[in-house]
1. Could you tell me which helices of the chain pass both thresholds, a Cα extent of 15 Å or more along their own axis and a mean Kyte-Doolittle hydropathy of at least -1.0, with helices taken as whole DSSP H runs?
2. What is the local net charge at Met150, summed over the other residues whose Cβ is closer than 15 Å to its Cβ (Lys, Arg +1; Asp, Glu -1)?
3. Enumerate by residue number the trypsin sites (Lys or Arg not before Pro) in segment 70-126 meeting two conditions: DSSP loop (anything except H, G, I, E, B), and at most 10 other Cβ atoms within 10 Å of the site's Cβ.
4. Tally Lys/Arg at +1 and Asp/Glu at -1 over every other residue whose Cβ is under 12 Å from the Cβ of Phe82; what's the total?
5. Taking other Cβ within 10 Å of each residue's Cβ, how do Asp6, Asp129 sort, fewest first?
6. May I ask for the net charge around Ser128, where only other residues with Cβ less than 11 Å from the Cβ of Ser128 are counted and Lys, Arg are +1 while Asp, Glu are -1?
7. Using the Cα centre as the reference, give the magnitude of the dipole from point charges on the C-beta atoms of the chain (Lys, Arg: +1; Asp, Glu: -1; all else neutral), rounded to the nearest 20 debye.
8. Of the chain, which part is the longest with no GluC sites (Glu not before Pro) in a loop (DSSP not H, G, I, E, B) and with at most 10 other C-beta atoms within 10 angstrom?
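None of the figures in this text is laboratory data; all of them are computed from the coordinates on show. As the structure is a computational prediction, the values presented were derived from the model and not from experiment. Every residue, glycine among them, receives a Cβ derived from its backbone with ideal geometry; neighbour counts consider all protein chains shown.
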Amino acid sequence: SLKACDKYDVQFAVHTDSLNEGGFVENTLNAFAGRTVHTFHTEGAGGGHAPDIMVVAGQDNILPSSTNPTNPYTKNVIDELFDMTMVCHNLDPKVPEDVSFAESRVRKQTVAAEDVLHDMGALSVMTSDAMAMGRVGEVAMRCWQLADKMKAQFGPLEGD
């Protein structure tokens, strides 16, 4: 995929390795080799290198995104993400290993910080996951909800 992107001068979009089976975030960054890359689930709730996927948001060549079920952060987000993870990955709530896996995918600390990271531009894109952990019909609505929440929480921007 990276060779095709080089050949056609297009960005690479990647959902990184949640279980770190193919390497850690440092290995992934080295493989990117400065290429322009769009990283899905940079917030870590739908996947991405555990526990440090957020470091990719600090790279100049990376367009970090998060998926819309985590935006804006509300009291039900964590419970909903757990259930969504269980369903999307065909996990069994009666199997302790499945529950542990789902719990490891829902990283409350980064999800809780995500709204502010979007507001300050550290997370530059909000998407809907094509595979399950998102809702394509809600992307625009959730962007506006997030903007409204940030305006209520931190006040209007200059010029508003």
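1. Working: long enough: 77-88 (16 Å, 1.22); 108-119 (18 Å, -0.50); 139-154 (22 Å, -0.08).
Going by DSSP H runs, the hits are 77-88, 108-119, 139-154.
2. -3
3. Lys75, Lys94
4. In short, -2.
5. Asp6, Asp129
6. 0
7. Details: 12 positive and 23 negative charges, 37 e Å.
Dipole about the Cα centre, nearest 20: 180 debye.
8. Values: sites that count: Glu21, Glu158.
Answer - 22-157.
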